[in-house]
Amino acid sequence: MNTKLRYARISDAPYLAAIRAEGFDPAEDFDDKKTLIEKLLRGWIMSGRSVIVFEQGEQTIGYAAYYDEVDPENMDSMKTHLYEFYIRPGYNLPGVPEAVFAELAGNYLPKQSSLVIDISEADNEGFRFWERQGFKPSIIRMEMSPGKE
């Protein structure tokens with residue numbers, strides 16, 4: 001089925017939050033996750049970050065969120081940070097994420113900036129997906145919690 005993309009509106013935030021919260025562990029509090037995600041989405045949209053909705057027919061199947069920033073390594077260029085790329089379970093069929101990303105990259109993401117995405121070290125499937133889309137590892141981010149073992 002053909003997937004269409006469009007810019008999100010503030011009124012999309014509650015539904016996008018609900019479908020995103022579906023992807024979390026059922027043992028977690030759905031309402032708390034949904035409320036947090038909805039606040040984040042509203043904030044992103046209101047602050048000028050781009051949120052793109054993915055639709056198949058009348059059904060919303062996912063969304064992406066991204067923002068542009070000055071490249072700290074080259075102050076004359078921009079980086080686009082793809083913060084979130086989510087497709088609902090059941091719609092994440094072979095070829096769908098690739099087609100949606102191709103449409104997103106071809107028609108929504110700025111052409112003049114490099115594209116950056118953060119991947120969890122534990123997400124091997126996600127890492128392989130983004131490598132197939134042309135991404136290459138560029139930095140290693142390390143984290144710590146001072147005072148915690």
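Overview of values
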item: So I87, is it within 18 Å of I10 (Cα to Cα) and either small (G, A, S) or within 14 Å of the chain's Cα centre (by Cα) (or both); result: no
item: Single condition A18 does not satisfy, out of (1) surrounded by 12 or more Cβ atoms within 10 Å (Cβ to Cβ); (2) of a type outside the set (F, W, Y); (3) modelled with pLDDT of 90 or more; (4) farther than 24 Å from V116 by Cβ; result: (3)
item: Test: residue in the range 57-77 that is of a type in the set (V, I, T) and closer than 23 Å to I37 by Cβ; result: yes
item: Odd one out for K34 among (1) within 23 Å of F135 (Cα to Cα); (2) outside any loop (DSSP other than H, G, I, E, B); (3) charged (D, E, K, R); result: (1)
item: Answer residue from the range 122-149, given it is surrounded by 10 or more Cβ atoms within 10 Å (Cβ to Cβ) and assigned to a loop (DSSP other than H, G, I, E, B) and is modelled with the lowest pLDDT among those; result: D123
item: Close pairs (8 angstrom Cβ cut-off, 6 or more residues apart or separate chains): assigned to a loop (DSSP other than H, G, I, E, B) in the range 1-16, surrounded by 18 or more Cβ atoms within 10 Å (Cβ to Cβ) anywhere; result: A8/L16; A8/L41; A8/I45; A8/V51; A8/I52; A8/V53; A8/Y63; R9/I45
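The values are calculated or read from the model by the stated rules, or taken from the named source; none is laboratory data. The structure presented is a predicted model; accordingly, all values stated were derived computationally and were not measured. Every residue, glycine among them, receives a Cβ derived from its backbone with ideal geometry; neighbour counts consider all protein chains shown.
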